[in-house]
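The values are calculated or read from the model by the stated rules, or taken from the named source; none is laboratory data. Fair warning: this is a prediction, and the values are worked out from it, not measured in the lab. No Cβ is skipped: glycine too gets one built from the backbone with ideal geometry, and neighbour counts run over all protein chains shown. Quick note on the areas: whole protein, heavy atoms, side chains included, nothing else; ligands and nucleic acids left out. Shrake-Rupley method; radii C 1.70, N 1.55, O 1.52, S 1.80 Å.
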Amino acid sequence: MSVLRIATRSSAQARTQATTIGQLLEATHDGLTVELVFVNTTGDQKQDVPLHTIGGQGVFVKEVQAAVLAGRADIAVHSAKDLPSTPADGLCIGAFGQRRDPRDVLVGRALGDLAQGATIATGSVRRRSQLSVIRPDLQFVELRGNIPTRLEKIPTDGSIVMAAAALQILGWTERINEYMTVDVMVPAVGQGCVAIECRIDDEQTRTILTTIDDAPSRRAVEHERAFLAELGSGCSLPVGAYDDGEKMLVYLASDDGQKHHFATVPTGRTASHEELLVAARRAAQVARDAVAG
């Protein structure tokens, strides 16, 4: 293979992620040239609608996946947190990129500097739910659009919430006012990591991707995805999970926001992959029972 086509969204973050993956592949395979194939997704087309009302997880990836399945591209590069926990038919995750900072951040005012009743802009039900535990007085408004657009929508005397990794990728970390620790704000499943999909039957491409697969990131994100898969939900439910290699922090809230479940699941580096998947599924069952009723 002399040319490898990468399907990606055209946003600055997605384009930068895909370019970085392409450069890694070109650096590890002599004679390989990478081309980007830009795809417009449902999530990009409907930026005035809350994510959870148009399908939640998956709205930023389905059309990108379709380009690979149709043969218009060889691989798809996604933010791992955008991928549904159920694999798409005919595709597999051939590689996970090395994880960046998984934390959420505040742009605008720091949490302790927000006045009583201040406004936070975020389109994430997970972020709203966890922030409401810390500061029940806060008001929330919807936030959609690409990163430059969102950075223009900081409420007066308020803040917006974003993923640290998104600003790191673009070199805009100077905009960050506060990093939220993962035990206070449990990240979205896969946050900070890039997932690269290819066709299951494309053995050549699968072999190429093995050279850039980051084993620790794969191990951690697969455990988080097992937790999410057991719940059978994505962005529509306030849920988070983060595995740091020693333990997995999990969060789940009820639909009405009245019950919040935080837990720590021991993982450790000596447990087998299957043992950790079982532990993640069990943690999901416990979480679901804790917020039921």
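Which residues, counting only those in the range 87-125, are closer than 23 Å to Thr210 by Cβ and not hydrophobic (A, V, I, L, M, F, W, C)?
Once the filter is applied, which keeps residues that are closer than 23 Å to Thr210 by Cβ and not hydrophobic (A, V, I, L, M, F, W, C), the range 87-125 yields Pro87, Asp89, Gly90, Gly94, Gly97, Gln98, Arg99, Arg100.
Has the range 192-213 got any residue that is free of Cβ contacts under 8 Å to residues at least 24 places away in the same chain and of a type in the set (Ser, Thr, Tyr)?
Yes, because at least one residue in the range 192-213 is free of Cβ contacts under 8 Å to residues at least 24 places away in the same chain and of a type in the set (Ser, Thr, Tyr).
So, of the residues in the range 82-121 that are within 26 Å of Leu170 (Cβ to Cβ) and modelled with pLDDT under 95, which turns out to be nearest to the chain's Cα centre (by Cα)?
Asp82
Restricting attention to the range 6-25, report how many residues are touching a residue at least 24 places away in the same chain (Cβ under 8 Å), within 18 Å of Thr210 (Cα to Cα) and surrounded by fewer than 19 Cβ atoms within 10 Å (Cβ to Cβ).
Number satisfying all stated conditions: 2.
Of all residues in the range 106-136, which are on the phi < 0 side of the Ramachandran plot and surrounded by fewer than 17 Cβ atoms within 10 Å (Cβ to Cβ)?
Across the range 106-136, the qualifying residues are Ala110, Gly112, Asp113, Ala115, Gln116, Val133, Ile134, Arg135, Pro136.
Can you confirm whether Gly240 is open to solvent by less than 40 Å² (accessible area, probe 1.4 Å), in a loop (DSSP other than H, G, I, E, B) and not aromatic (Phe, Trp, Tyr)?
Taking the combined requirement at face value, the residue does not satisfy it.
Look at Ala290 and say whether it is among the aliphatic types (A, V, I, L, M), closer than 18 Å to Arg126 by Cβ, touching a residue at least 12 places away in the same chain (Cβ under 8 Å) and surrounded by 18 or more Cβ atoms within 10 Å (Cβ to Cβ).
no
Look through the range 243-274, keep the residues that are in contact with a Lys or Arg (Cβ under 8 Å, 6 or more places away or on another chain) and of a type in the set (S, T, N, Q), and return whichever of them is least open to solvent (accessible area, probe 1.4 Å).
Among those residues, the one meeting the criterion is Thr267.
Looking at the range 84-105, which of its residues are open to solvent by 30 Å² or more (accessible area, probe 1.4 Å) and either part of a loop (DSSP other than H, G, I, E, B) or without any contact (Cβ under 8 Å) to a residue 60 or more places away in the chain (or both)?
Matches in the range 84-105: Pro84, Thr86, Pro87, Asp89, Gly90, Gln98, Arg99, Arg100, Arg103.
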